[in-house]
Amino acid sequence: MLENPLGESIAATEGESAYDAQAKLLLGNKTILSHILKECVSEFKDYSCEYIEQFCIEGEPRIGTEPVERFERGKNIVGMNTEDTTSTEGTQYFDIRFYATLPESNEKIGLIINVEAQNKFDPGYSLVRRGLYYCSRMISGQHNTIFEHEDYNRIKKVYSIWICPSAPDERADTITKYYIAEECVKGQSRTELQHYDLMNLILICFNDKDNSDGLNRFLKVLLSNSFTSKEKHLILTDEYNVKFTDDLERGIDRMCNLSAGVLEKGIEMGRTEERFEMIRAMLLENE
């Protein structure tokens with residue numbers, strides 16, 4: 001049984017599209033998210049992955065269902081809308097989005113977190129700009145859902161974490177953070193950190209050629225088609241102490257199977273092109 005609505009789209013697609021969809025499902029698994037949060041979110045760095053998974057990830061992450069754009073007004077709910085479109089293009093959806101409870105806090109919503117899997121590091125625009133835009137949308141989208149009117153003190157801090165498995169060599173094996181900082185240009189005026197530390201963009205970059213370690217290697221093993229399901233299980237268990245659930249096991253198996261299908265399809269396409277070139281050469285010789 002598929003554990004997320006996105007799984008239904010996997011059954012209806014083939015090749016790389018299905019592989020990408022399964023990657024998002026895998027990254028949205030709470031066990032995997034707990035490792036990402038521990039390394040990327042400062043509020044969780046002193047807590048175990050087990051604690052983060054059990055007590056800090058609120059509810060089930062929403063995968064491929066939360067729109068980036070939202071213009072609805074007058075709603076007084078604590079939650080996120082699930083459908084919207086812009087006037088100039090089709091709906092854009094966050095890959096993964098969820099609430100997180102701050103450690104040892106009774107407040108249900110402490111952080112709003114978005115995780116994106118980005119295959120193209122240079123899609124024709126700056127990923128940093130797009131990531132900051134996503135952060136801005138997560139902040140502006142809190143109006144009438146998290147706070148009303150001018151109650152800006154209730155704005156929740158947001159994180160947008162971008163995983164880039166095909167980064168150029170100069171960005172490989174890096175984790176880069178972009179955030180708001182205070183600079184006192186004149187005098188010694190100071191504002192409490194909580195009032196401006198409201199958005200963080202993080203890029204996690206690696207590729208097939210680098211010698212990644214830490215979180216980069218963790219994600220590289222998880223997402224790469226160079227490892228078998230058994231190899232992934234062994235590395236993630238031995239090196240990262242991942243506790244495998246049935247859902248996580250099935251997710252990795254599906255991804256490896258889809259990866260094999262994409263590879264076989266690519267090989268077959270290569271053979272077809274080769275046969276076409278041979279026939280074309282023979283026809284040219286007989287002219």
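Put a dot 7 Å past the Cα of E192, heading toward its Cβ, do the same for E104, and the two dots end up 1.9 nm apart. Does the stretch 158-229 come out rounded, prolate or oblate, given a ≥ b ≥ c as the square roots of the eigenvalues of its C-alpha gyration tensor, rounded meaning a/c under 1.5 and, failing that, prolate meaning a/b above b/c? In terms of gyration-tensor shape, prolate.
Per residue, the accessible area of the stretch 124-187 comes to 57 Å², computed with a 1.4 Å probe over protein heavy atoms only. Residue separation of E170 and E231 scaled by 0.36 nm, minus their Cα-Cα distance, works out to 19.2 nm of gained length.
Summary of packing: across the peptides 116-129, 137-150, the per-residue average of other C-beta atoms within 10 Å ranks them, highest first, as 137-150, 116-129.
Ranked by the mean number of other Cβ atoms within 10 Å of their residues, highest first, the peptides 49-57, 199-207, 183-191 come out as 199-207, 49-57, 183-191. Here each label is just a point 7 Å from Cα along the line to Cβ, and for L132 and N144 those points are 2.8 nm apart.
The loop-placed chymotrypsin sites (Phe, Trp or Tyr not before Pro) in the stretch 166-198, going by DSSP, that have at most 13 neighbouring Cβ atoms within 10 Å of their Cβ come out as Y196.
The values are calculated or read from the model by the stated rules, or taken from the named source; none is laboratory data. Being a predicted model, the structure only gives us computed values, none of them experimental. A quick note on method: Cβ atoms are made from the backbone with ideal geometry, for glycine too, and the neighbour counts reach across all protein chains shown. Protein only, heavy atoms only, side chains kept; ligands, DNA and RNA dropped before computing areas. Shrake-Rupley method; radii C 1.70, N 1.55, O 1.52, S 1.80 Å.
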